Structure formats: structure tokens, C-alpha cells
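The structure appears right after this line, and notes come after that.
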Amino acid sequence: MSLDQLSLGLLLFQIVILRQDVADAGMLTAGLLAVILGLMLFMGGP
């Protein structure tokens, strides 16, 4: 899935480049799931 690669890239960027911990990983996961669901509904159409 292409979102896996994007998520991993953003995570590594935040940890390696910005040197910050991932604050509130649960909220981040919920947001990514909402994006995946929205894209599925958008691509599927009515």
C-alpha cells in the first residue's frame, strides 16, 4: 500500500531529521486510518 511507505517516510523524517518523539501515536494512527477510509470511499464512488 502506498500509504505505508508515506507513513514510514514521515515517521523516519520526524525521528531522524527533526529528532522528535512521536507524540500521541494513537491520534496519528486514527488520522491515518481516517485518510485511508476517505480515500477508499472517494475512489469507490457512490
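Structure values in brief
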| quantity | calculated |
| --- | --- |
| Checking GLY26 against (1) in a helix (DSSP H, G or I); (2) touching a helix residue (DSSP H, G or I) at 6+ places or on another chain (Cβ under 8 Å), the condition it does not meet | (2) |
| VAL16 over 15 Å from the mean Cα position of the chain (by Cα) and part of a helix (DSSP H, G or I) | yes |
| LEU37 being at pLDDT below 80 and not small (Gly, Ala, Ser) | no |
| Cross-chain or 6+ apart pairs with Cβ under 7 Å, the stretch 18-33 first and over 18 Å from SER2 (Cβ atoms), then surrounded by 11 or more Cβ atoms within 10 Å (Cβ to Cβ) | GLN20/GLN14; VAL22/LEU11; VAL22/GLN14; VAL22/LEU28 |
| Given (1) surrounded by 10 or more Cβ atoms within 10 Å (Cβ to Cβ); (2) among the aliphatic types (A, V, I, L, M); (3) modelled with pLDDT of 85 or more, number of the condition LEU3 does not satisfy | (3) |
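The values are calculated or read from the model by the stated rules, or taken from the named source; none is laboratory data. Fair warning: this is a prediction, and the values are worked out from it, not measured in the lab. Glycine gets a Cβ as well: all are built from the backbone with ideal geometry, and neighbour counts include every protein chain shown.
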